[in-house]
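Q: Quick one: this structure, given as structure tokens, is what I'll be asking you about.
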Amino acid sequence: MNRVAVEKSESYDIITVRKALRDLLYHFDGMGQFVKPGDRVLIKPNMLMGKAPEAAVTTHPSILQGVIELVREAGGTPVVGDSPGFGSSRSVAAKSGLFAVVEATGAELADFSTIKTVIGTGRFKRFEVAEAYLNADKVINLPKLKTHEMMTMTCGVKNLFGIVVGKAKPAWHLRAGDSKELFARMLLELYQIREPDLTIVDAVTAMEGNGPGSGDPYHVGLLLAGTNALAVDVIAAEIAQIPKKRLFVEREAEALQLNGWNRNEIETVGLALEDVHIKPFKLPPIADVQFGLPKFLKKHLRNQLTTRPFAIKGKCLLCGVCVSACPPKVISIKNKALCFDYSGCIRCFCCRELCPHSALDVREGFLLKLLNRKNKFISDR
């Protein structure tokens with residue numbers, strides 16, 4: 001059985017967080033079960049982009065501080081590392097409040113610029129990842145619980161996409177194209193290269209709606225932990241009440257029969273799940289209903305059966321972040337306006353994910369809009 005612990009943390013007050021972390025790790029006999037004296041411990045938070053902690057885009061600084069303190073108590077050397085979607089690690093850490101914690105605690109900010117090639121054993125045969133992640137004696141995965149426009153949810157497994165450095169991220173989106181299943185398979189094979197020793201989820205204030213960068217903060221008041229990140233994700237999705245048909249990573253994990261996908265083989269400890277009283281997470285809109293259609297129909301109906309990004313008039317500042325971030329390079333600035341070539345758009349929504357001004361929204365194709373309205377009518381009856 002995989003064990004996943006759930007405990008309350010009603011706020012980010014550091015005293016509250018310290019107690020909640022100790023209660024959480026009590027179910028695994030403490031941090032000392034994971035970290036031994038002298039271990040160099042890579043702590044991998046979510047540092048998607050440089051936004052303030054209250055935006056709920058990144059792992060909260062107090063969670064990082066609490067984990068660093070526990071690693072030090074166990075005799076380990078804490079090293080904090082991630083490769084953001086946009087911007088340098090130092091600038092994103094500074095804007096999100098994480099670098100202040102690194103400095104105050106005397107921890108180290110890892111250099112993720114040095115990469116190492118790893119040979120995969122599944123569908124994908126070659127990964128280039130941060131060497132600091134591979135070289136660490138122990139890895140503590142510190143994701144934020146958020147919705148995700150492409151994968152529906154980002155948590156433990158998806159957080160490890162941060163070990164892919166810089167411009168390699170868009171390349172993976174290009175390889176997967178508009179196949180969510182293929183992208184989920186890649187995430188799982190990346191996760192298997194080196195599974196983290198411990199995953200602790202920041203779900204005190206999560207994100208719902210159009211996550212992972214433009215959604216709405218949602219107070220959940222919980223921390224989760226486990227040694228199997230996939231099992232942790234399964235419980236996180238259960239708490240968020242996300243239907244399995246929308247969970248691409250978990251569905252691919254079942255297809256691969258990976259350890260952690262089966263809810264019947266997961267033991268939850270700590271706070272009973274029936275005592276977690278939150279409303280279901282508001283999910284991103286269904287972006288694609290092309291699955292199962294013949295190729296010739298997909299080609300002609302693609303724009304009608306998918307959502308597509310567009311700039312919000314008066315809000316877009318033409319900063320160019322989305323232009324740089326777009327994997328297939330189909331966004332441009334022309335005549336003082338943001339332009340999209342939808343024929344080449346792979347619907348990865350990296351543009352919305354990384355927009356620093358939340359100036360991009362999505363528009364449903366005509367047929368998708370009709371289907372969503374029909375589904376909503378049926379569910380409301």
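Q: Within the range 129-140, can one find any residue that is touching a strand residue (DSSP E or B) at 6+ places or on another chain (Cβ under 7 Å), part of a strand (DSSP E or B) and either small (Gly, Ala, Ser) or at pLDDT below 95 (or both)?
A: From the range 129-140, those touching a strand residue (DSSP E or B) at 6+ places or on another chain (Cβ under 7 Å) are 129-134, 136-140; that's our starting set.
Now restrict to residues that are part of a strand (DSSP E or B): 129-130, 138-140.
Then drop every residue that is not either small (Gly, Ala, Ser) or at pLDDT below 95 (or both), which leaves 130.
The answer is yes, given that some residue of the range 129-140 is touching a strand residue (DSSP E or B) at 6+ places or on another chain (Cβ under 7 Å), part of a strand (DSSP E or B) and either small (Gly, Ala, Ser) or at pLDDT below 95 (or both).
For (1) of a type outside the set (A, V, I, L, M, F, W, C); (2) touching a Phe, Trp or Tyr at 6+ places or on another chain (Cβ under 9 Å), each residue gets a yes or a no:
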| site | (1), (2) |
| --- | --- |
| VAL57 | no, no |
| GLN65 | yes, no |
| ARG72 | yes, no |
| THR77 | yes, no |
| SER83 | yes, yes |
| PHE86 | no, no |
| GLY97 | yes, no |
| GLU108 | yes, no |
| VAL118 | no, yes |
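Q: Given the criterion buried (at least 24 other Cβ atoms within 10 Å of the Cβ), in contact (Cβ under 8 Å) with a residue 40 or more places away in the chain and of a type outside the set (Phe, Trp, Tyr), identify the matching residue among LEU174, LEU190, LEU134, LEU145. I'd like the intermediate steps shown before the answer.
A: Working: LEU174 fails: buried (at least 24 other Cβ atoms within 10 Å of the Cβ); LEU190 fails: buried (at least 24 other Cβ atoms within 10 Å of the Cβ); LEU134 fails: buried (at least 24 other Cβ atoms within 10 Å of the Cβ).
Just a single option satisfies the conditions, and that option is LEU145.
Q: Something else: Which ones in the range 57-78 are crowded, with 23+ Cβ neighbours inside 10 Å, among the aliphatic types (A, V, I, L, M) and not in a helix (DSSP H, G or I)?
A: Hit for the range 57-78 is VAL57, nothing else.
Q: Among what's in the range 313-341 and is open to solvent by less than 50 Å² (accessible area, probe 1.4 Å) and in a loop (DSSP other than H, G, I, E, B), pick the residue that is farthest from LYS180 (Cα to Cα). Let's see the steps before the verdict.
A: To start, the set of residues in the range 313-341 that are open to solvent by less than 50 Å² (accessible area, probe 1.4 Å) comprises 316, 320-323, 325-328, 330-332, 337-340.
Pick out the ones that are also in a loop (DSSP other than H, G, I, E, B) and you get 316, 320, 326-328, 330.
Numbers: CYS316: 28, GLY320: 26, CYS326: 17, PRO327: 15, PRO328: 16, VAL330: 19 Å.
Across the range 313-341, the extreme among qualifying residues is CYS316.
Q: Still on this structure, please answer the following. Run down LYS95, LYS51, LYS116, LYS44 and say which single residue is of a type in the set (D, E, K, R) and open to solvent by less than 20 Å² (accessible area, probe 1.4 Å). Write out each step before concluding.
A: Working: LYS95 fails: open to solvent by less than 20 Å² (accessible area, probe 1.4 Å); LYS51 fails: open to solvent by less than 20 Å² (accessible area, probe 1.4 Å); LYS116 fails: open to solvent by less than 20 Å² (accessible area, probe 1.4 Å).
On inspection, the qualifying residue turns out to be LYS44.
Q: Open to solvent by less than 30 Å² (accessible area, probe 1.4 Å), assigned to a helix (DSSP H, G or I) and touching a Ser or Thr at 6+ places or on another chain (Cβ under 8 Å): does that describe VAL102?
A: Values: open to solvent by less than 30 Å² (accessible area, probe 1.4 Å): yes; assigned to a helix (DSSP H, G or I): yes; touching a Ser or Thr at 6+ places or on another chain (Cβ under 8 Å): no.
Spelling it out, it is not the case that VAL102 is open to solvent by less than 30 Å² (accessible area, probe 1.4 Å), assigned to a helix (DSSP H, G or I) and touching a Ser or Thr at 6+ places or on another chain (Cβ under 8 Å).
Q: Please enumerate the residues belonging to the range 141-177 that are closer than 29 Å to ASP39 by Cβ, among the aliphatic types (A, V, I, L, M) and at pLDDT 95 or above.
A: If the condition is that a residue be closer than 29 Å to ASP39 by Cβ, among the aliphatic types (A, V, I, L, M) and at pLDDT 95 or above, then LEU142, LEU145, VAL157, LEU160, ILE163, VAL164 are the ones that fit.
Q: Sticking with this structure for a sec: What do you reckon, is PRO61 under 16 Å from the mean Cα position of the chain (by Cα), of a type outside the set (S, T, N, Q) and within 29 Å of SER324 (Cα to Cα)? Walk me through it before giving the result.
A: Working: under 16 Å from the mean Cα position of the chain (by Cα): no; of a type outside the set (S, T, N, Q): yes; within 29 Å of SER324 (Cα to Cα): yes.
No; evaluated as a whole, the condition is false for this residue.
The values are calculated or read from the model by the stated rules, or taken from the named source; none is laboratory data. Predicted, not measured: the structure shown is a model, and the values here were computed from it. Quick reminder, even Gly has a Cβ in these numbers, built from the backbone with ideal geometry, and neighbours come from all protein chains shown. Please note that ligands, DNA and RNA were not included when accessible areas were found on the heavy atoms of the full protein model with its side chains. Shrake-Rupley method; radii C 1.70, N 1.55, O 1.52, S 1.80 Å.
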